[in-house]
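**Q** Following this message is one structure expressed as structure tokens.
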């Protein structure tokens, strides 16, 4: 038997299915899938998760739709994703986009929880960077 290829989208789906108390049949029905075995194939990476099913799957699983869509688009359609990301993030400056890119790259293999300790550490780093930058300008 051939092992399915590594798939961040399938991993996210599998983890979400494992974390719910719903059956695959219930989830498949909620997502509008004809058979539960299709969901099984998606969670093992044997077939792709249809982009159009992600909102309903997310709702059924109680997970963030945006994150699920982002991971699937990065994996299945990276060129389209990059183009959309570049064209639809006009409210961010270059430094903010770089920070988001770093976070997204780091979290590609799994969600990074925004704990108080992490937020405090990031805040501290930004304060150090701001002080360092101010002293360089003087």
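Read-outs: derived from the displayed coordinates by stated rules, not from any lab. Remember, predicted model here, so these are calculated numbers, not experimental data. Ideal geometry is used to build each Cβ from the backbone, glycine not excepted, and the neighbour counts take in all protein chains shown.
**Q** Helix 8-19 against the longest principal axis of the chain: what's the angle in degrees, Cα atoms only, rounded to the nearest 10?
**A** Helix 8-19 sits roughly 70 degrees off the main axis of the chain.
**Q** Could you check which residue among 61, 118, 69 shows the biggest mean-square fluctuation in a GNM of the chain with a 10 Å Cα cutoff?
**A** 118
**Q** To continue, here is another question. Mean residue ellipticity at 222 nm from the helices of the chain, using -39,500 (n - 2.57) per DSSP H segment of n ≥ 4 over the full residue count, to the nearest 500 deg cm²/dmol?
**A** Theoretical 222 nm ellipticity from helices: -20500 deg cm²/dmol.
**Q** In degrees, nearest 10, range 0 to 90: what is the angle between the Cα axis of helix 65-76 and the longest Cα principal axis of the chain?
**A** Relative to the chain, helix 65-76 is tipped by roughly 80 degrees.
**Q** Here is a follow-up. Semi-axes of the equivalent ellipsoid for the stretch 45-101, please: Cα gyration tensor eigenvalues, times 5, square-rooted, ordered largest first, whole Å.
**A** 24, 14, 9
**Q** Below 8 Å between Cα atoms, with a sequence gap of 6+, how large is the relative contact order for the chain in percent?
**A** Relative CO of the chain lands at 22 percent.
**Q** With angles folded into 0 to 90 degrees, how steeply does helix 78-87 sit against the dominant principal axis of the chain? Use alpha carbons for both and round to 10.
**A** Roughly 50 degrees, rounded to the nearest 10.
**Q** Which of 122, 27, 12 has the fewest other C-beta atoms within 10 Å, and how do the rest follow up to the most?
**A** 122, 27, 12
**Q** Moving on to the next point. Quick one: Debye curve from the C-alpha atoms of the chain, no solvent, what's log10 I(q)/I(0) at q = 0.20 Å⁻¹?
**A** Here the Debye-derived log intensity ratios amount to -1.21.
**Q** In addition: Relative contact order for the stretch 8-88: what is it in percent, counting Cα pairs under 8 Å that are at least 6 residues apart? Each step should come with its number before you reach the end.
**A** Working: 75 pairs, mean separation 25.2, N = 81.
It comes to 31 percent, rounded to a whole number.
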